[in-house]
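A.B. asks: Before I ask anything, here is the structure I am working with.
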Amino acid sequence: MSFPLLTATAVVPALGAVLTAAVPAARRSAAKWLALVFSLATLALAAVQLVRFDPGAEGPFQLTESHAWIKDFGVRYELGVDGIAVVLIALTALLIPFVILAGWHDADPLGTTSSRWRPTQGFFALILMVEAMVVISFEATDVFLFYIFFEAMLIPMYFLIGGFGDRAGERGEEETAAQRSYAAVKFLLYNLAGGLIMLAAVIGLYVVTADQLGTGTFSLQEIVQARADGQLDIATSTERALFLGFFFAFAVKAPLWPLHTWLPNAMGEATAPVAVLITAVVDKVGTFAMLRFCLQLFPEASKWATPVILVLALVSILYGALLAVGQRDIKRLVAYASISHFGFIILGIFAMTTQGQGGATLYMVNHGISTAALMLVAGFLISRRGSRLIADYGGVQKVAPVLAGTFLVGGLATLSLPGLAPFVSEFLVLTGTFSRYPVIGAIATFGIVLAALYVLVLYQRTMTGPVKESVRGMPDLRVRELVVVAPLIALLIFLGVYPKPVTEIVDPAVEHTMTQVDKVDPKPDVPLTDVEAAK
Amino acid sequence: MSHAASVHSLWTLAADPPREIPAPHIEYAQLAPTLIVLGGAVLGILVEAFLPRRARYHAQLLLSVVGLAAAFAAVVALAAGGHAGEKARIAAMGAVAVDGPALFLQGTILLVSLIAVFTFAERRLDPAAHGNRVDSFAAQGSAVPGGEAEQAAVKAGFTTTEVFPLALFAVGGMLVFPAANDLLTLFVALEVFSLPLYVLCALARRQRLLSQESAVKYFLLGAFSSAFLLFGVALLYGYAGTVTYSGIAEVVSGTTRTVDPALASTMGNDALLLIGGALVLMGLLFKVGAVPFHMWTPDVYQGAPTPVTGFMAAATKIAGFGALLRLLYVVLPGMRWDWRPVMWGVAIVTMLLGAIVAVTQTDVKRLLAYSSIAHAGFILAGVIAASPDGVSSVLFYLAAYSFVTLGAFSVVTLVRDAGGEATHLSKWAGLGRRSPLVAAVFAVFLLAFAGIPLTSGFAGKFAVFKAAAQGGAGTLVIVGVLSSAIAAFFYIRVIVLMFFSEPKADGPTVAVPSALTSTAIAVGVAVTVVLGVAPQYFLDLAGQAGTFVR
């Protein structure tokens, strides 16, 4: 038996979480280093996955593992990665060390508290726990297995949002705590409700397979195979109901308008690293699951629902961007920008073109990196002044030029400036959409214009102009903070100029998904022969 | 059948000259679990009568633990000997069934009771009174609360060690209840386990008036439900001419051979069957706390001594659902189209009402009471499936749920202030800051109640919903999922309170328990996690135990 690489990638951070949580109260910094080491070990394993993954290989999944688990429920412990999953695992493993480093002092206890209260250990253990669960969700090819971790992930996430926040500024300790607890509960209830609706659909899927195949199964490959062979014939209305159950959960997680309202609260109240964890890591599971489960399990229903979903995605893009323009709070601004970006991702997925879906996957990666850069720098800025309000800043670039510079690069990436990574993916999503739905593609481009508005206005108000009294003497980025930001910016530039390493891995998987839904790219309107003749 | 016929002939043929009365044939080995427990209870009474006061506590504890463990061993031996499968028989002249579901439920009840006895015996939580370690029970049950006799009893260091034999009697009744194979045995078992519970409810050391009030409420409503049940039994006898389950089932399905001349005018009258069946169902639904027969639950759960509440919440539910399953699957399978719509309604109302009313609760014991109502609704969804899968999913759910419940109530006994247990939720604020471990353990139980994956609650919920969906009750699954979402809200609210609220200055302290309660809580956590992560073995066990003997 070969080395279970996929299991190991999930087990290492989980083990790290347990060990970190067990560190005694007095040895706080040991816990931090331990967590960092384990996150780096996970990154190494994710890198091994990337190397061992062969984009040209036959079959949908590689590095597969399969073991019996709960026979009565037809559940198997089945793991496997395709190009999309392997890239997103790499993104997750890459971001976590930066999240840990950026949050190095976020969970230091204030003053003297009970010797048994160990918030620091808890904070880093929870981050690693989330990582483990996200990784296994990306790897699971058994619907039930996926569902379990998709849901269980909420618990550590909930404690991260509710338990740790920015230092109370002018709002006072009590109100901050109340707001934070509200945000955490809202996050949990939205996602739990989505998950429970999905549970009904999961049970429905079991009943359908048990009825027709004799034994119920959750194996993605088995179900897809059985449908291809004609053994499994899901009635149209059933398929649509099941699709809606799955899609609802993923749309809450992603989040898609109008199920998005938990995100600004959660990202606003959580510390910047946790906000990155939410938007750059956990939410990706939602969009990823649309690609892997919604499209592959229910291709017909996906096509049926496409028009509505495209419109919702379009609303997300414009609504998120418009609200971002109107925000007075830096973190909530980034949250609304993320809603806009998730609209682009979902647009790309449901445009059902190779370019669109490839672009959407690339978008997930690039959005992860660019939001991480912008949000973490914003977090550094906020921690210096103790306020999230844009109005409290001004002229920072004169006092802290490096901070302002990195903030600008993060912002420019968010608005998809050519030369930075997000441009490539946004362009691909838009052309992919345009080739099938020209009107929707055209309207979606307004999202880019609005993005320029909210990012540049944010930069102008906080960084330029006369130096405000409150930011005078603000220290520039420290070494630890530079270590966090510099690699992210380097990656943004590298992938902006040369996205091929990622697209090469992703494209075969996207093509596979496209064949599952039985869609081919639309023919170009301008016949190629005419173009050649014109030359 | 032969038994009932012979009983019947005793009085229809009373005018005949006396004949030789046949000695009943009793399979003692197959009834061993019940006999051991009831024997232990009788011995416990002798201990109360003859042992000096000082020695009673240890003797009673030892007797209860050994008795329950021995009974559990007997259950395991019977199951290993094939009595759960091919050798499943009706024993004791048709009165008791020894089959898979019965043995599975008996085993679960015995384990739960064993753990519950540990919490009964806990003597470290209350501060010592006059140098004597005390448990959760009144010094002297008969003393007027706050009166001189009570003070004298406390001063003399009296403790109510009678709780151990009372608990054993209750367990004995619970063992028979799900195994009862005729309606009279069902009724007798019901009374045998209910009466000791009424007494136990009244024996709280603190807040005795509240405790006595709860006992009276429980007793009055319980007496009503017993009367309903008994009336139903009478009507069913009029309908079928017999009280055995298989006999009634034969009349229902129309395959019966003989018509009793004395009952010729009523036998086979469907009105009797419907009314009688409904009344018996009411009696059983009362015991499991299903809406609209749930009114007693919050008051009794709140007033009873917490160890008793935990025991009652876990074990009564197992016994009650066991009896309900047997009644519906053995006696009334032919009536499926009549009882299913009614049970649908009951299940839906129970799930929704339990979940919605729980949202407004401010006392942790009342909260858990309403949560137990909601869970009764979930279990009913499995009952309605009317398939072997449905039976085994209910068995699994009961096992999973009872350990979580017991663990949760054990944690409630730990959180105390000057007035005893601090059950008001506002006092739980910030518990996670002060005692992270206790709060984390309670959070695990709450997450299991909420059915979060990787806990036993999720596996159980999935099992019953799956069975319900396969049985064609898709709507029920949707309602169940929605009420789970509502229920999640209040479980989470408690977690928020424990972890994200600032502790109050005059907040309660967490008592350090002895090994007894610690064991109870540890077992609860272990079962919750194991059944959540690796449920297959136990699902197999429940699956093998899914067939009733007729």
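The values are calculated or read from the model by the stated rules, or taken from the named source; none is laboratory data. Remember, predicted model here, so these are calculated numbers, not experimental data. Cβ atoms come from the backbone with ideal geometry, glycine included; neighbour counts cover every protein chain shown.
A.B. asks: Within the stretch B:286-304, does at least one residue satisfy the condition of being surrounded by fewer than 23 Cβ atoms within 10 Å (Cβ to Cβ), charged (D, E, K, R) and touching a residue at least 24 places away in the same chain (Cβ under 8 Å)?
C.D. replies: yes
A.B. asks: Just give me the residues in the stretch A:470-490 being of a type outside the set (Asp, Glu) and in a loop (DSSP other than H, G, I, E, B), in sequence order. Reasoning before the result, please.
C.D. replies: Here is the first cut: in the stretch A:470-490, the residues of a type outside the set (Asp, Glu) are A:470-475, A:477-480, A:482-490.
Listed by number, the residues that qualify are A:Arg472, A:Gly473, A:Met474, A:Pro475, A:Leu477, A:Arg478.
A.B. asks: Please tell me if A:Leu220 is closer than 20 Å to A:Glu151 by Cβ, touching a strand residue (DSSP E or B) at 6+ places or on another chain (Cβ under 9 Å) and more than 11 Å from chain B (Cβ to nearest Cβ).
C.D. replies: Values: closer than 20 Å to A:Glu151 by Cβ: yes; touching a strand residue (DSSP E or B) at 6+ places or on another chain (Cβ under 9 Å): yes; more than 11 Å from chain B (Cβ to nearest Cβ): yes.
It is true that A:Leu220 is closer than 20 Å to A:Glu151 by Cβ, touching a strand residue (DSSP E or B) at 6+ places or on another chain (Cβ under 9 Å) and more than 11 Å from chain B (Cβ to nearest Cβ).
A.B. asks: For the stretch B:163-180, indicate whether the set of residues that are in contact with a helix residue (DSSP H, G or I) (Cβ under 6 Å, 6 or more places away or on another chain) and surrounded by fewer than 21 Cβ atoms within 10 Å (Cβ to Cβ) is non-empty.
C.D. replies: no
A.B. asks: Could you tell me which numbered condition B:Ala418 fails, if it satisfies all but one of (1) crowded, with 24+ Cβ neighbours inside 10 Å; (2) among the aliphatic types (A, V, I, L, M); (3) free of Cβ contacts under 8 Å to residues at least 12 places away in the same chain?
C.D. replies: Every condition holds for B:Ala418 apart from (1).
A.B. asks: Identify all residues within the stretch A:496-510 that are surrounded by fewer than 19 Cβ atoms within 10 Å (Cβ to Cβ) and either farther than 17 Å from A:Phe61 by Cα or small (Gly, Ala, Ser) (or both); write none if there are none.
C.D. replies: Result: A:Val497, A:Tyr498, A:Lys500, A:Pro501.
A.B. asks: Quick one: in the stretch B:452-475, of everything that is assigned to a loop (DSSP other than H, G, I, E, B) and more than 8 Å from chain A (Cβ to nearest Cβ), which residue is nearest to B:Val510 (Cα to Cα)? Talk me through it step by step, then tell me what you get.
C.D. replies: First pass over the stretch B:452-475, keeping only residues assigned to a loop (DSSP other than H, G, I, E, B): B:452-455, B:471-473.
Filter again for more than 8 Å from chain A (Cβ to nearest Cβ), leaving B:455, B:471-473.
Working: B:Thr455: 25, B:Gly471: 46, B:Gly472: 47, B:Ala473: 45 Å.
Here the residue is B:Thr455.
A.B. asks: Right, next: In this structure, does B:Phe137 turn out to be under 28 Å from B:Leu111 (Cβ atoms), buried (at least 19 other Cβ atoms within 10 Å of the Cβ) and over 20 Å from the mean Cα position of the chain (by Cα)?
C.D. replies: In short, yes.
A.B. asks: Same structure again: Pairs under 9 Å by beta carbon, first residue facing chain B (nearest Cβ under 10 Å) in the stretch A:136-157, partner assigned to a helix (DSSP H, G or I) and of a type in the set (Lys, Arg), six or more apart or different chains?
C.D. replies: That search, which allows pairs on different chains as well, returns A:Phe150/A:Lys253.
A.B. asks: Quick one: which residue in B:Ala278, B:Ala223, B:Ala234 is in a helix (DSSP H, G or I), out of contact with any helix residue (DSSP H, G or I) (no Cβ under 6 Å at 6 or more places or on another chain), within 30 Å of B:Gly44 (Cβ to Cβ) and hydrophobic (A, V, I, L, M, F, W, C)? First the steps, then the outcome.
C.D. replies: Numbers: B:Ala278 fails: within 30 Å of B:Gly44 (Cβ to Cβ); B:Ala234 fails: within 30 Å of B:Gly44 (Cβ to Cβ).
One residue alone meets the criteria, B:Ala223.
A.B. asks: Further question: Surrounded by fewer than 21 Cβ atoms within 10 Å (Cβ to Cβ) and within 12 Å of chain A (Cβ to nearest Cβ): is that true of B:Val533 in this structure? Steps first, please.
C.D. replies: Values: surrounded by fewer than 21 Cβ atoms within 10 Å (Cβ to Cβ): yes; within 12 Å of chain A (Cβ to nearest Cβ): yes.
Taking the combined requirement at face value, the residue satisfies it.
A.B. asks: Quick one: in the stretch B:420-438, of everything that is part of a helix (DSSP H, G or I) and within 26 Å of the chain's Cα centre (by Cα), which residue is farthest from B:Tyr397 (Cα to Cα)? Talk me through it step by step, then tell me what you get.
C.D. replies: To start, the set of residues in the stretch B:420-438 that are part of a helix (DSSP H, G or I) comprises B:425-428, B:431-434, B:436-438.
Subset that is within 26 Å of the chain's Cα centre (by Cα): B:425, B:438.
Values: B:Leu425: 27, B:Val438: 25 Å.
That would be B:Leu425.
A.B. asks: Now for a separate question. For a quick check of your reading: which helices (runs of 4 or more DSSP H) sit entirely within the stretch A:327-427 and have at least 3 residues that are in contact with a helix residue (DSSP H, G or I) (Cβ under 6 Å, 6 or more places away or on another chain) and among the aliphatic types (A, V, I, L, M)?
C.D. replies: Once the helices (runs of 4 or more DSSP H) in the stretch A:327-427 are filtered for at least 3 residues that are in contact with a helix residue (DSSP H, G or I) (Cβ under 6 Å, 6 or more places away or on another chain) and among the aliphatic types (A, V, I, L, M), what remains is A:330-350, A:354-385, A:401-414.
A.B. asks: A further question follows. Looking at the stretch A:17-61 only, could you name the residues that are of a type in the set (S, T, N, Q) and either buried (at least 20 other Cβ atoms within 10 Å of the Cβ) or closer than 24 Å to A:Met153 by Cβ (or both)?
C.D. replies: Of the stretch A:17-61, the ones of a type in the set (S, T, N, Q) are A:20, A:29, A:39, A:42, A:49.
Listed by number, the residues that qualify are A:Thr20, A:Ser39, A:Thr42, A:Gln49.
A.B. asks: Let me ask something else about it. Select, from B:Val391, B:Val383, the only residue that is more than 14 Å from every other protein chain (Cβ to nearest Cβ), on the phi < 0 side of the Ramachandran plot and touching a residue at least 12 places away in the same chain (Cβ under 8 Å). Reasoning before the result, please.
C.D. replies: Details: B:Val391 fails: more than 14 Å from every other protein chain (Cβ to nearest Cβ).
Matching residue, one of B:Val391, B:Val383: B:Val383.
A.B. asks: Does the stretch B:521-530 contain at least one residue that is without any contact (Cβ under 8 Å) to a residue 40 or more places away in the chain, surrounded by fewer than 21 Cβ atoms within 10 Å (Cβ to Cβ) and within 10 Å of another protein chain (Cβ to nearest Cβ)? Reasoning before the result, please.
C.D. replies: As a first pass, look at the stretch B:521-530 and keep what is without any contact (Cβ under 8 Å) to a residue 40 or more places away in the chain: B:522, B:526.
After this cut, where a residue has to be surrounded by fewer than 21 Cβ atoms within 10 Å (Cβ to Cβ) as well, the list is B:522, B:526.
Within this subset, residues satisfying the condition of being within 10 Å of another protein chain (Cβ to nearest Cβ) are none.
No, because not a single residue in the stretch B:521-530 is without any contact (Cβ under 8 Å) to a residue 40 or more places away in the chain, surrounded by fewer than 21 Cβ atoms within 10 Å (Cβ to Cβ) and within 10 Å of another protein chain (Cβ to nearest Cβ).
A.B. asks: Within the stretch B:491-514, which residues are under 30 Å from B:Val134 (Cβ atoms), facing another protein chain (nearest Cβ under 10 Å) and in contact with a Gly (Cβ under 7 Å, 6 or more places away or on another chain)?
C.D. replies: Once the filter is applied, which keeps residues that are under 30 Å from B:Val134 (Cβ atoms), facing another protein chain (nearest Cβ under 10 Å) and in contact with a Gly (Cβ under 7 Å, 6 or more places away or on another chain), the stretch B:491-514 yields only B:Pro503.
A.B. asks: Additional query: In the set A:Gly326, A:Gly405, A:Gly386, which member is on the phi > 0 side of the Ramachandran plot and either surrounded by fewer than 20 Cβ atoms within 10 Å (Cβ to Cβ) or of a type in the set (S, T, N, Q) (or both)? Give the derivation first.
C.D. replies: Numbers: A:Gly326 fails: on the phi > 0 side of the Ramachandran plot; A:Gly405 fails: on the phi > 0 side of the Ramachandran plot.
When all the criteria are applied, what remains is A:Gly386.
A.B. asks: In the set B:Val527, B:Val512, B:Val523, B:Val496, which member is at pLDDT below 85, closer than 28 Å to B:Val65 by Cβ and among the hydrophobic types (A, V, I, L, M, F, W, C)?
C.D. replies: So the residue among B:Val527, B:Val512, B:Val523, B:Val496 that is at pLDDT below 85, closer than 28 Å to B:Val65 by Cβ and among the hydrophobic types (A, V, I, L, M, F, W, C) is B:Val512.
A.B. asks: If you don't mind, there's one more thing I want to ask. Would you mind telling me which numbered condition in (1) within 14 Å of another protein chain (Cβ to nearest Cβ); (2) closer than 22 Å to B:Pro508 by Cβ; (3) not charged (D, E, K, R) B:Val415 fails?
C.D. replies: Exception for B:Val415: condition (1).
A.B. asks: Please go through (1) free of Cβ contacts under 8 Å to residues at least 40 places away in the same chain; (2) outside any helix (DSSP H, G or I); (3) in contact with a Gly (Cβ under 9 Å, 6 or more places away or on another chain) for B:Ala488 and return the number of the only condition it doesn't satisfy.
C.D. replies: Failed condition: (2).
A.B. asks: Which residues, taken from the stretch B:237-266, are in a loop (DSSP other than H, G, I, E, B) and surrounded by fewer than 20 Cβ atoms within 10 Å (Cβ to Cβ)?
C.D. replies: The initial filter retains those residues of the stretch B:237-266 that are in a loop (DSSP other than H, G, I, E, B), namely B:241-243, B:254-260, B:264-266.
The answer is B:Gly254, B:Thr255, B:Thr256, B:Arg257, B:Thr258, B:Val259, B:Asp260, B:Ala264, B:Ser265, B:Thr266.
This table checks each residue for (1) among the β-branched types (Val, Ile, Thr); (2) in a helix (DSSP H, G or I).
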residue	(1), (2)
A:Leu259	no, no
A:Val274	yes, yes
A:Thr279	yes, yes
A:Lys284	no, yes
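A.B. asks: Still on this structure, please answer the following. Find the residue count for the stretch B:101-127, including only residues that are within 18 Å of B:Phe177 (Cβ to Cβ) and not aliphatic (A, V, I, L, M).
C.D. replies: Residues flagged as within 18 Å of B:Phe177 (Cβ to Cβ) and not aliphatic (A, V, I, L, M) within the stretch B:101-127 amount to 6.
One line per residue, one yes/no per condition, for (1) within 10 Å of chain B (Cβ to nearest Cβ); (2) buried (at least 22 other Cβ atoms within 10 Å of the Cβ); (3) of a type in the set (Val, Ile, Thr); (4) within 30 Å of A:Gly230 (Cα to Cα):
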site: A:Tyr182; (1), (2), (3), (4): yes, no, no, no
site: A:Leu192; (1), (2), (3), (4): yes, yes, no, no
site: A:Ala201; (1), (2), (3), (4): yes, yes, no, yes
site: A:Tyr206; (1), (2), (3), (4): yes, yes, no, yes
site: A:Thr209; (1), (2), (3), (4): no, yes, yes, yes
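A.B. asks: Let me ask another. Looking at the stretch A:71-104, which of the residues that are within 14 Å of another protein chain (Cβ to nearest Cβ) and in contact (Cβ under 8 Å) with a residue 60 or more places away in the chain is surrounded by the fewest Cβ atoms within 10 Å (Cβ to Cβ)? Break it down into steps so the answer makes sense when it comes.
C.D. replies: So in the stretch A:71-104, the residues within 14 Å of another protein chain (Cβ to nearest Cβ) come out as A:71-77.
Imposing the further condition that a residue be in contact (Cβ under 8 Å) with a residue 60 or more places away in the chain reduces the set to A:73-77.
On the way: A:Phe73: 21, A:Gly74: 22, A:Val75: 24, A:Arg76: 21, A:Tyr77: 16.
Looking at residues that are within 14 Å of another protein chain (Cβ to nearest Cβ) and in contact (Cβ under 8 Å) with a residue 60 or more places away in the chain, I get A:Tyr77.
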